[in-house]
Amino acid sequence: MSLFLGSMSHHIPGRKELTDSKAVVRLLPKKEAYIPLVAGRAAGQNSFNILVEEGEAVQVGTKLAETKSGMYVPIYSSVSGTYKGIVKRMHSTLRPQEHMVIECDGKQTSVQAFEPLDYKHATREECVDFVKNAGIVGLGGAGFPTYVKYGKPDGVECVLINAVECEPYITADYRNVMDDPTDLIIGADIMKKMADVQHVYICIKESHPDLIAKVKENLGGYQGIEVRPVPDVYPMGWERVLVREVLHREYNNLPAEAGAIVGNASSAIAIAKAFTKGEPIHEKTVTVSGNAVKNPQNVVVPVGTPVSEIMEACGGYTAETVRLIAGGPMMGRTIVNDLFVVDRATNAITVLEDVADDAIACLRCGRCSDHCPSGLQPVRIKEAVQKNDLDEMIKRGASSCIECGMCTYICPSHIDVTEHVRKAKRVIAMKKK
Ligand code: SF4
Ligand code: SF4
């Protein structure tokens, strides 16, 4: 089945002006940071070796834990202070997870987490190994270890750097690239080497001429790196759509099947900082925005900073009942309270006024099917969920849903179709287990 049956041409009002031109604000946790013991599918003490003792002093860059088996991912401290043990807290993936507690001393003293590496004089394999030991994970949402993509680049012809940021409200990547184009380009050059390719395309929405100009100005003598403007439609930032737009190819499972490795712009910057400074991912730029937060802004916070403290620093909520979303309004996850923390993959906190449920009956207009980028019939999946018909959920391909939120956005009856499809995915996944 084609994954691109929908009309795919939706420009969604971005509301990016709420934050894109404001200076980034730096914050520290007030008392404690809670570093999630989560990396891809690995979670909790069963999956990680803890490398520090309770009561031990740690600094920014101290290695706290590493996965026991499977994909290797180390976790470094984002703050200086004292390690206090492990607690369970709600995580942005909507599951309670174990977190390492660091009582902060507010000094942010640091140790060299690892030695920098001159990538120009290192082999491709040494660079990939370096990224593995630096604990670099994708910062675009999934938090998947980056080195895995570069393990066997056979058949890969190019790297696409995704600086599209198509969801409304989110401007964290925009700010990161605007403020640090040099590291973006160094990161792009390192990715080019690790993928063993001649071309890197930095994909930016054509509605951002300022960002396009900024990156072009900084390309200097780097060979094979170019800016590729892409249309400002949703969900252009989804990697399947990006590969289709830039390379005119489709694939089933991984972009490598279409000859591409796709990386996020902030991940490229993080890679550059690891190679040039020996710096692990210890802080994140997070867009705090929406129509129910007092002072929308981008904040830079250590990984493990409680969202409740970030909300307080942004002036708090402006409505009595709000919908708090970890991520953007289309693909993010609604969370019941602000007790979760910023993880390495968190790029936004969206706060929307919670409007009364005004959904009416399905009009059978077919718009959700027309606009689904995965070529699904979301309304049919919704009906299967309502009838608890597992076979029908599977037959309708619910597992292919990328949770882009388009079906809910487009529905004239205000039905949260996406939530039904998500439920179908959960039911199918549980059945498979
Ligand atoms: S969220 Fe809806 S529109 Fe988006 S892929 Fe899933 S079913 Fe299709
Ligand atoms: S868009 Fe909404 S009203 Fe139209 S078919 Fe889909 S669920 Fe029904």
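The values are calculated or read from the model by the stated rules, or taken from the named source; none is laboratory data. Just so you know, these numbers come straight off a predicted model, no measurement behind them. Positions of Cβ are generated from backbone atoms using ideal geometry, with glycine treated the same way; all protein chains shown enter the neighbour counts. For accessibility, only protein heavy atoms count, side chains too; no ligands or nucleic acids. Shrake-Rupley method; radii C 1.70, N 1.55, O 1.52, S 1.80 Å.
Between ASP179 and ASP232, the contour length at 0.36 nm per residue exceeds the Cα-Cα span by 16.9 nm. Bridging of LYS433 to lysines at a Cα separation below 21 Å is possible for LYS395, LYS423, LYS425, once same-chain residues fewer than 8 apart are set aside. Does segment 322-433 come out rounded, prolate or oblate by the C-alpha gyration tensor, with a ≥ b ≥ c the root eigenvalues, rounded set by a/c under 1.5 and, if not, prolate when a/b is larger than b/c and oblate if not? Note, shape of segment 322-433 comes out oblate.
Amide H to amide H, with H built 1.01 Å from N, GLY143 comes under 5 Å of GLY138, counting only residues 5 or more places away or on other chains. For segment 197-351, rounded, prolate or oblate, judged on the Cα gyration tensor with a ≥ b ≥ c (square roots of eigenvalues), a/c < 1.5 rounded, else prolate if a/b > b/c? Cα axes put segment 197-351 in the prolate bin.
Residues whose amide H falls under 5 Å from that of VAL293, counting only those 5 or more places apart or on a different chain, are THR318, with hydrogens built in the peptide plane. If you take all other residues with their beta carbon under 13 Å from the beta carbon of ALA23, and give Lys and Arg +1 and Asp and Glu -1, the sum is +1. A simple spin-label model places the labels of ALA213 and LYS84 4.9 nm from each other, with each point 7 Å out along Cα-to-Cβ. Summing Cβ point charges (Lys, Arg +1; Asp, Glu -1) relative to the Cα centre of the chain gives a dipole of roughly 960 debye.
Remark: segment 281-296, residue by residue, has Karplus-estimated 3J(HN,Hα) of 6, 10, 9, 10, 8, 10, 7, 10, 8, x, 8, 10, 10, 5, 10, x Hz, where x stands for each Gly or Pro and the curve is 6.51 cos²θ - 1.76 cosθ + 1.60 at θ = phi - 60°. Within segment 81-107, find all residues whose amide N lies under 17 Å from a label point positioned 7 Å from the Cα of LYS277 along Cα-to-beta-carbon. Within reach of a label on LYS277: 107. For THR321 and ARG95, what is the calculated FRET efficiency with R₀ set at 25 Å and r taken between the beta-carbons, to the nearest 0.05? The value I calculate is 0.55. Seen from GLY316, the other residues with C-beta closer than 14 Å to its C-beta sum to a net charge of -4, counting Lys and Arg as +1 and Asp and Glu as -1. Mean residue ellipticity, 222 nm, helices only, the chain: the sum of -39500 (n - 2.57) across DSSP H runs of n ≥ 4, divided by residue count and rounded to 500, is -7500 deg cm²/dmol. Solvent exposure of LYS107, expressed as accessible area, is near 150 Å², computed with a probe of 1.4 Å over the protein chains only.
Exceedance of the 18 Å cut-off in Cα-Cα distance is limited, within the set LYS63/LYS84; LYS84/LYS277; LYS192/LYS273; LYS132/LYS277; LYS205/LYS277; LYS88/LYS284, to LYS84/LYS277; LYS205/LYS277; LYS88/LYS284.
Here, P(r) means the percent of Cα pairs in each 10 Å bin from 0 to the largest distance; for segment 367-432 it is 26, 58, 15, 0.
For a protection proxy built on the mean count of beta-carbon atoms within 10 angstrom, sort 296-305, 16-25 highest first, please.
Highest to lowest by the protection proxy: 296-305, 16-25.
Under a 5 Å amide H cut-off, with hydrogens placed 1.01 Å from N, TYR72 pairs with nothing among residues at least 5 apart or on other chains.
A probe of 1.4 angstrom, applied to the heavy atoms of all protein chains, finds TYR72 with accessible area near 40 square angstrom. Please give the residues of segment 16-55, grouped as numeric ranges, whose backbone N is less than 17 Å from a label point set 7 Å along the Cα-to-Cβ vector of GLU115. It comes to no residues whatsoever. Summing Cβ point charges (Lys, Arg +1; Asp, Glu -1) relative to the Cα centre of segment 278-433 gives a dipole of roughly 880 debye. Cysteines of the chain lacking any other cysteine Cβ under 4.7 Å from their own Cβ: CYS104, CYS127, CYS158, CYS166, CYS203, CYS314, CYS362, CYS365, CYS372, CYS401, CYS404, CYS411.
Build a GNM of the chain with springs between Cα atoms under 10 Å apart, and of ASN176, ASN46, ASN218 the one that fluctuates most is ASN46.
For THR287, neighbours were defined as the other residues whose beta-carbon sits under 13 Å from its Cβ, and their charges (Lys and Arg +1, Asp and Glu -1) total 0. If a/c stays under 1.5 just call it rounded; otherwise compare a/b with b/c (prolate if a/b is bigger, oblate if not). Do that for segment 240-307, with a ≥ b ≥ c from the square roots of the Cα gyration tensor eigenvalues. The shape class here is oblate.
Filter the DSSP H helices in the chain by two things, a Kyte-Doolittle mean of at least -1.0 and an axial alpha-carbon span of 20 angstrom or more, and list the hits by number. What comes out of the filter, once short or polar helices are dropped, is 181-195, 417-432. With the simple spin-label model, which puts each label point 7 Å out from Cα in the Cβ direction, the ASP354 to ALA429 separation comes to 2.4 nm.
The length gained on full extension between SER399 and LEU339, counted as 0.36 nm times the residue separation minus their Cα-Cα distance, comes to 18.6 nm.
Taking the three principal axes of the alpha carbon atoms in the chain, the coordinate ranges are 60, 48, 45 Å, sorted in descending order. Of the trypsin sites (Lys or Arg not before Pro) in segment 192-265, the ones in a loop by DSSP (not H, G, I, E or B) with at most 14 other beta carbons within 10 Å are ARG249. In the assembled protein chains, GLU392 presents an accessible area of approximately 40 Å² (probe radius 1.4 Å).
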